[in-house]
Amino acid sequence: MPRILARKDPNAFKTLPLFVEANADGLSYQSLGLPLNFTQMLERRRPLTVPDAEHFAAELANLGVSVRVTLTWQGRDYWVLVRQRRSDRGDVVLKLISGYVPAHELNLPLLTAIHEVAEECLVETPEGWLSGRFGDTWLPAPYQSVLRYRESVHFRLSPLSGSARQVRCGNLALLERPRAYVHLPTASLQLVYDLHLELPKEVRQLSLLHVDERLEAGELIARLDRRQPDLYLIPLAQGKPTAELLTLRHGKLSSASTRGVWLAESFAPQDGWLVRDERIRWKDWVAQQHLTPPRKGPVKRLAERARKLLSLA
């Protein structure tokens, strides 16, 4: 049975619309107007038209952050993705860990980003759950009232190399240099941080699980469902992604099906500062990245042939 970990009042969330200016060298944003609650923000996320992908000024609905977490496990690196049912867009995608930036963190979106890692990506060991640190900052343990976090060991987050183009909040440069894009279908500015997640050496066996919030009957409810961990890994080879999708449970990696999988817009092509697509098919992203899908073993090939024969019967 899924376990409810937390309940929130969506009206307690406040953010601010943005005014964004961009040119070939960089992008800057600043708050605009009055604070918005969650419902008001969603109402503003409507398709936007921008004629020039490199030079523009626009009013946007909100600021969002995503975190491309690179996890090192048993000597190999992996990107971390989570599965999300997006009720506002009517689809299901694999996406980076992400969230909306509240009004009081607009000038420090990195803080929102690391909090999203703590809330969405749960690391379980046989002795309990792992909390984390970013530098000297402890990440929150958002579910400590219902889950037992370990006190003696924790994981560490650290920044990886950032984007070549500068992003500023007003006159303040974002030092971690996140990748930035304006998502036209939702009229939002998105920042993507590259972070590395280092596990403690003592951990030999772990499971990765995703906790997702859903709006139900006027409440944001966070649930943990062990039957559907909903956290996936893309293996890297020499720092580049491969065309594989895996899960990690009880210290064991298993292949996950990519049939019918869609990826969120952060994987779609970016033109200048703009992303125009809502999502991208896994197979189209693989082709776009010039990746070679892994060869299928004899058992998998026989299973596919059997399915085809049954469909023709």
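The numbers here are math on the coordinates, done by the rules we state, and not lab data. It should be emphasised that the depicted structure is a prediction, and the values quoted were computed from it without experimental measurement. Note: ideal-geometry Cβ built from the backbone for every residue, glycine included; neighbour counts use all protein chains shown.
Quick one: length gained pulling Leu253 to Asn171 fully straight, 0.36 nm per residue minus the C-alpha distance?
25.0 nm
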Relative to the present Cα-Cα distance, how much length would full extension add between Arg204 and Ala237 at 0.36 nm per residue of separation?
9.7 nm
Met41, Met1 arranged by Cβ crowding within 10 Å, fewest neighbours leading:
Met1, Met41
Dividing the mean separation of Cα pairs under 8 Å (6+ apart) by the residue count of the chain yields a relative contact order in percent of 21
Taking the Cβ of Glu54 as the center, what net charge do the other residues with Cβ under 14 Å away carry, scoring Lys and Arg +1 and Asp and Glu -1?
-3
Under-20-angstrom lysine pairs by C-alpha in segment 3-312, whenever the two are 8 or more apart or on separate chains
11
Order of Arg204, Arg249 under a 10 Å beta carbon neighbour criterion, fewest first
Arg204, Arg249
Protection-proxy order for peptides 285-291, 17-23, 63-69, 113-119, each taking the mean of Cβ atoms within 10 Å per residue, highest first:
63-69, 113-119, 17-23, 285-291
Among 75-87, 45-57, the order from most to least packed when residues are scored by Cβ within 10 Å on average
75-87, 45-57
As a Kirkwood estimate from alpha-carbon pairs, segment 3-312 has a hydrodynamic radius in angstrom of 20.6
Work out, step by step, the length gained on full extension between Arg85 and Leu215: first 0.36 nm times the residue separation, then minus their alpha carbon distance; give nm to one decimal.
45.7 nm
Roughly how big is the chain's charge dipole about its Cα centre, with Cβ charges of +1 (Lys, Arg) and -1 (Asp, Glu), in debye to the nearest 20?
1620
Phi-based couplings in Hz for segment 75-84 (Karplus 6.51, -1.76, 1.60; Gly and Pro marked x)
x, 10, 9, 9, 7, 9, 10, 10, 8, 9
Okay, which of segment 52-93 sit inside 17 Å, backbone N to the point 7 Å along the Cα-Cβ direction of Leu32?
52-64
Which whole-Hz ³J(HN,Hα) couplings does segment 241-247 yield from phi under the Karplus relation 6.51 cos²θ - 1.76 cosθ + 1.60, θ = phi - 60°, glycine and proline marked x?
x, 10, 8, 10, 10, 10, 10
Quick check: Cα centre of segment 114-128 to Cα centre of segment 261-292, how many Å?
27
If neighbour count is taken as other Cβ atoms inside 10 Å, put Ile97, Ile4 in order from fewest to most.
Ile4, Ile97
